Every structure is written in C-alpha cells, then in structure tokens.
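Engineer: Please read through the structure below; I'll follow up with questions.
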Amino acid sequence: MSAFFKKAFLEETKPRGAGYRYGFLALIFALIVIDLIDSGPRHYLRGLIVPLMLLFNHLAFQFHWSRPMTVAIRALAYFWLVFGFIAIFYDLFRKF
C-alpha cells in the first residue's frame, strides 16, 4: 500500500476527550437543524454543504470505527470535501 493511502485512510487519530467529540457533534447537528429550519426548499443542498462537510470529517477523524468502516467514512469525507469546494466555487464564480 502506498504511504498516502495508509496515512489518509488507515492511520489512527489522536483521541480527544468525550466532551469535545460529542459536544462538537451536537453543535454540528444544531447547525444542520437551524439551517433546515431557516432555509427555503430550494436552498437545502446549498445550505447543507458546509455542515455536512463538518459532520463527515468529524465522524471520520474523531471516532473509532472498524477498519472497513474507517476507510468508507474517510472516503466519504474526502469525497464530500472535494464536492463541497467545487460546489462553493462554482456558486461563487457563476455570478461573474
């Protein structure tokens, strides 16, 4: 296996306290709920890009999963990160 794959998908992260992990998870869920309540029906996807980016990355790197689940959730987190940046920059430069 390549060194990048091992580091990006299999390396264990340093554990943080439960207060940080679950407190930040609750904050992310609160952001998602507030965004769903405040945005209109056409803005769901655009408004959820950043909170879902935070959620997937937090789940991927702050919690311990089995090896296959770790690879899957980190792949989802990296995919959503790239998708999010593309969508944000597309939306930003579409107006010019």
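Derivation of every value follows stated rules applied to the coordinates shown; laboratory data play no part. Predicted model only: the values in this text are computed from it and were never measured. Methodologically, a virtual Cβ is constructed for each residue, glycine included, from the backbone with ideal geometry; neighbour enumeration extends over all protein chains shown.
Engineer: In what sequence do Ile88, Ile37 fall when counting other Cβ within 10 Å, fewest first?
Structural biologist: Ile37, Ile88
Engineer: In addition: Please report Trp65, Trp80 as a ranked list, fewest other C-beta atoms within 10 angstrom at the top and most at the bottom.
Structural biologist: Ordered from fewest to most neighbouring Cβ atoms within 10 Å, Trp65, Trp80 come out as Trp65, Trp80.
Engineer: I've got another one for you. Using a 7 Å offset from Cα along Cα-Cβ at Ala18, what residues in region 55-70 end up with backbone N under 17 Å from the label point?
Structural biologist: 62-65
Engineer: Taking the simple approach of a point 7 Å from Cα along Cα-to-Cβ for both Glu11 and Lys95, what is their distance in nm?
Structural biologist: Those two pseudo-labels are separated by 3.8 nm.
Engineer: Can you bin the chain into rounded, prolate or oblate? Criterion: square roots of the alpha carbon gyration tensor eigenvalues sorted a ≥ b ≥ c, rounded for a/c under 1.5, prolate for a/b above b/c, oblate for the rest.
Structural biologist: Here the chain falls in the oblate category.
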